[in-house]
1. Can you name the number of the only condition in (1) touching a Leu at 6+ places or on another chain (Cβ under 8 Å); (2) of a type outside the set (Gly, Ala, Ser); (3) assigned to a strand (DSSP E or B) that residue 378 fails?
2. Which pairs have Cβ atoms under 8 Å, sit 6 or more apart or on different chains, and link a residue in region 79-98 that is within 11 Å of the ligand (Cβ to nearest atom) to one that is basic (Lys, Arg)?
3. Can you tell me which residue is nearest to the ligand (Cβ to nearest atom) among those in region 188-204 that are open to solvent by 10 Å² or more (accessible area, probe 1.4 Å) and more than 18 Å from residue 79 (Cα to Cα)?
4. Kindly provide the set of residues from region 114-124 that are open to solvent by less than 50 Å² (accessible area, probe 1.4 Å) and either under 21 Å from the mean Cα position of the chain (by Cα) or of a type in the set (Ser, Thr, Tyr) (or both), ordered by number.
5. Name the residues in region 252-268 that are crowded, with 16+ Cβ neighbours inside 10 Å and over 26 Å from residue 71 (Cβ atoms), would you?
6. Looking at 50, 127, 60, 106, which one is β-branched (Val, Ile, Thr), in contact (Cβ under 8 Å) with a residue 12 or more places away in the chain and surrounded by fewer than 21 Cβ atoms within 10 Å (Cβ to Cβ)?
7. Could you please let me know if residue 257 is away from the ligand (no atom under 16 Å from the Cβ), of a type in the set (D, E, K, R) and within 16 Å of residue 87 (Cα to Cα)?
8. Please work out which one of (1) more than 16 Å from the ligand (Cβ to nearest atom); (2) part of a strand (DSSP E or B); (3) without any contact (Cβ under 8 Å) to a residue 40 or more places away in the chain; (4) under 22 Å from residue 225 (Cα atoms) is the condition residue 166 fails and give its number.
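The values are calculated or read from the model by the stated rules, or taken from the named source; none is laboratory data. Note that this is a predicted model, so its numbers are computed, not measured. No Cβ is skipped: glycine too gets one built from the backbone with ideal geometry, and neighbour counts run over all protein chains shown. Quick note on the areas: whole protein, heavy atoms, side chains included, nothing else; ligands and nucleic acids left out. Shrake-Rupley method; radii C 1.70, N 1.55, O 1.52, S 1.80 Å.
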Amino acid sequence: MKKNTKLASAGRKLQYTQGVVNPVVQRASTVVFDSVADMHEAIKERGNRTLFYGRRGTNTHYALQDAITELENGAGCALYPSGAAAISQSLLSFLKAGDHLLMVDTAYEPTRDLCDKILAGLGISTTYYDPMIGAGVKALIQENTKVLFLESPGSITMEVQDVPALVQVAKENGLITMLDNTYGNGWHYRPLDHGVDISIQAATKYIVGHSDVMMGVAVANEEYWPTLREHSYLLGQCTSADDAYLALRGLRTMPVRLQQHEKSALTVANWLAEHPLVDHVRHPALPSNPGHEYFKRDFDGSNGLFSFVMKSGNQKAINRFLDSLHHFKMGFSWGGYESLVTANITMAALRTTTGWEHGPIIRLHIGLEDVEDLLADLEQALKVYESHL
Ligand SMILES: *Cc1c(COP(=O)(O)O)cnc(C)c1O
């Protein structure tokens, strides 16, 4: 079966759908049993797509979990109330006091804050490594290093990592590898196929796709799935059946949405690359992007998210640029049907190992609007920017 066919049928067991196309929305805390024998059976099978207690999920959750497990070629998928919860829970499931974590320097900002503000307090130390370090990461491994965490492409600056090289070093040194795969999202990139142990996503982004649900997922391989599942359950992680339903609904049309996001984003990225105010574009599919060669080797495609770096700028020019855009709304998320923009005058505070020696960086999410309207909007806003330099 090819990818689209697989996704159309993923997670559609009769147990979940009861004969219609989509799963039932089964809201539950309590599950009731008719007999002691039934109850004991449920206890034995709990966590194995058998109704036990609401926090273990219902048929709605199982349908989404199965579909994402199939998408990412894993052994199982845990659901969380946000992408941030999926990240914190994956780390907390495997790290303990005295352990050391290798975290990519281009991590999503709350991931970095989790390490500095919470993990540090629990006695877990973090070293931030250069996303382009490749096999050189070996030199950073300590006696107590337990987890190697990747995010590829990196948040905002979009560096694509040499995952096979990093995974090989991790395997040789007994480290668990986790990758924030929100960008690759199982459709364009499947980390477990490349030897990563746990693939994490903010389903909030392209899976949900409509900017109306917070949801996180983590898919683990055979070795780590039982611990991830059990520890997530013990730390109380669960999602509502309604949100699980919406995420699965979003997932069904994700491939066609991604096609349009990809096409329009490439048009805008190539247009910006030629703009006289722009130094270079950070889009994984463009040669100007760090790690572009790994992107070409490992990914099936790109999406609507990318950044561009200005030759020069100041806070006033950035602010006027942002205020003069009509179709790009200011917002921190991405992956919905609408275009968004954020900007950083300097990335230095968020890059403690690699630094940032370029001009201001602006991140766009290219939505499903007509690309001509988006280009015209950027063109007039860049004129405003120029007038404030
Ligand atoms: C948005 C995002 C997250 C966090 O997801 P939430 O659902 O907002 O908690 C994690 N990683 C990356 C790369 C993201 O873009």
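1. Exception for residue 378: condition (3).
2. 83/205
3. Filtering region 188-204 for residues that are open to solvent by 10 Å² or more (accessible area, probe 1.4 Å) and more than 18 Å from residue 79 (Cα to Cα), the one nearest to the ligand (Cβ to nearest atom) comes out as 188.
4. Hits for region 114-124 are 114, 115, 119.
5. 268
6. Only one candidate passes the filter, namely 127.
7. no
8. (2)
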